[in-house]
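Heads up, the thing below is written out as structure tokens.
The values are calculated or read from the model by the stated rules, or taken from the named source; none is laboratory data. The model shown is predicted, which means the values in this text are computed figures rather than measured ones. Virtual Cβ from ideal backbone geometry, glycine too; neighbours counted across all protein chains shown. Just the protein is used for accessible areas: all its heavy atoms, side chains included, with ligands, DNA and RNA removed. Shrake-Rupley method; radii C 1.70, N 1.55, O 1.52, S 1.80 Å.
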Amino acid sequence: MSIAIQFCGAARTVTGSCYFFNTPTGRFLVDCGLFQGPKTLKALNYGAFPFRPADIDTVLLTHAHIDHSGLLPKLKREGFSGPILATRGTIDLCSYMLPDAGNIQETEVAALNRRSAARGHPGVTPIYTQADAITTLDAFRPVEYQAWYKVIPGVRARYWNAGHLLGSASIELEFTGQGKDGRPLRVLLSGDVGPDAKLLEPDPEAPASLDYVICESTYGDSDRPPTTGTLRRAHLAQEVCDAAAARGALLIPAFAVERTQELIVDLVDLMDRGEIPTAPIFLDSPLAIRATEVFRKDAASLDPDVDLNRLLASRQLHLTETVDESKSIARFSGFHIIIAASGMCDAGRIRHHLKRWLWRKEATVLLVGFQAQGTLGRFLRDGTKAVRIQGEEIKVAARIKYIDEYSGHADGPELARWIAARRTIHRGVFITHGEEPALKGLVDRIAERTIPAAQIFTPLLDDIYELSTTAPTPIDVPRRRRLAPESVVNLDWHNDMSKLLLDINEQIEAAADDRARGVIIRKLRRALEQT
Ligand SMILES: [Zn+2]
């Protein structure tokens, strides 16, 4: 019998997670995530899936993050009619996050279409709407950790706590009679793996003795200094005190779920202890406000040492849900804290705040999580001097700071240990969901030490492997690829273009006088004519 896996996301340098399993008894997906990052990748969200949605019997979802769940409403809209199995925590979070994602699609497409119409270009339709997302929620079926569930005939699944986010899971699969000598074929998909000592979450758990392990590598090349709650709070306190001394706003672009709640807990605690100046904290994200409610509700299942309810009830915390409330934050000058989504600054209200503050040297932007290639957050982190937000060029004068201790991801050594703890791994390890250096970093950590290098695979987007053979066998299907391999691996040309335009503007402005500007423009013109 043939069991094929197609890497329809989470492949080399590609963010959105989606694995398609094709077997004679049925077809199912693990995750159906939205592509994030460079425009070439985001364009895939509008294109066709590499399978027919109506053919999919079941979806298994590892966790609620949009790069794992964000295309479920599109799948549903295009004909998927089966169940989506997820933990209760994941279902609670998705019930807010998916409608929010639908709303973002609708508003962004409306704004884009206004700009396109002004330039005489045709408009586009949103990938899906808020209504599509709400319909999708009916398909969710709750699962418990560490219990078996039937996926399709001959395949069952078991969820393990991945310690990455409320409800997050690694998923174990068993294909009856498909392993060596008629034993079950056993496959483990990591989902996103959490770090060992994470606020609010337990350490990741998973089984051992498998045929295949498919593991993410987001931070595969990083080696974080070990941290503790005390060190993390001290680092945050230092950044907050510096921002207060600069007398401007402290903008924290944060992922609405979990990162935001962790930050609030630490900020309120530090204010209560007098370790940072007391100031208003604006939580400016309707989604983060909803997610905070989920955390309040599930407080009992989280770390018992954190008095979540007391901290979330602080008088310093202002929830600005409506657009008017959000706009009223602009009345504040001097030191105040604004936490708004999205964490990589590529959508959401944080962009309005950045537009208002980025060009002021008294402002501080504190990045608190992974910044994917091609996102505004990544440009800021890399020290760019100007950015474009909603078509407008904005100089970066604000202090840009970064702290890593709130990461929801295991670092390189933790991922390598997680894989090593799964031994024996009989047939192969697929390393996925990471940019080129991160993938290579993790491969180097495990090659020969944990598993022979020949048994490690780093598939490209849309690669297909046969898993029922003694070693994974690539299957060649003509014209299956949605992207040429080189366009996946290379940094997007849109990014290079934006950067070039910003550099040209900067050079011309910095020139001594109009004559010098004229010379630069003529030289550029000549270079252009020679190509
Ligand atoms: Zn995640």
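Relative contact order of the chain, taken over Cα pairs closer than 8 Å and 6 or more residues apart, is 18 percent.
Over all projection directions, the Cα-based convex hull of segment 184-299 averages an area of 10.0 nm². Ellipticity at 222 nm from helices only: DSSP H runs of n ≥ 4 in the chain, each -39500 (n - 2.57), divided by the residue count, give -10500 deg cm²/dmol.
Taking a quarter of the surface of the Cα convex hull of segment 44-142, what do you get in nm²? Could you put the intermediate results ahead of the total?
Values: hull surface 25.0 nm².
Result: 6.2 nm².
Here are some pairs, 39/355; 39/440; 74/198; which of them have Cα atoms lying more than 28 Å apart in this structure? Pairs exceeding 28 Å: 74/198.
Peptides 428-438, 109-119, 327-337 ranked from most to least packed give 428-438, 327-337, 109-119, packing being the mean of other C-beta atoms within 10 angstrom over each peptide's residues. In this structure the amide hydrogen of residue 336, modeled in the peptide plane, comes within under 5 Å of the amide hydrogens of 249, 250, none closer than 5 places in sequence on its chain.
Cα centroid separation, segment 420-459 to segment 195-209: 19 Å. Calculated accessible area for the chain comes out at 42 Å² per residue, all protein chains present (probe 1.4 Å; ligands, DNA, RNA ignored).
Only beta bridges with both residues in the chain are counted; by DSSP, about 45 percent of them are antiparallel. For segment 7-82, the relative contact order works out to 30 percent when only alpha carbon pairs closer than 8 Å and six or more residues apart are counted. Projected label points at residue 296 and residue 107, each 7 Å from Cα along the beta carbon direction, are separated by 2.2 nanometres. Put the Cα centre of segment 248-270 next to the Cα centre of segment 104-178 and the gap is 26 Å. For the peptides 449-455, 85-91, 387-393, 439-445, the ranking by packing is 85-91, 439-445, 449-455, 387-393, with the highest mean count of neighbouring Cβ atoms within 10 Å listed first. In plain terms, if you count all Cα to Cα distances in the chain and split them into 20 Å steps from zero, the share in each step is 21, 55, 22, 2, 0 percent. With a simple spin-label model that places each label point 7 Å from the Cα along the Cα-to-Cβ direction, the separation between residue 469 and residue 436 comes to 2.8 nm.
By the rule of a second cysteine Cβ within less than 4.7 angstrom, the chain holds isolated cysteines at 32, 94, 215, 241, 345. Roughly how many whole Å is it from the C-alpha centroid of segment 312-328 to that of segment 331-382? Using only Cα atoms to place each centre, the spacing works out to 18 Å. For the chain, the share of accessible area belonging to carbon and sulfur comes to 52 percent (1.4 Å probe, ligands and nucleic acids excluded).
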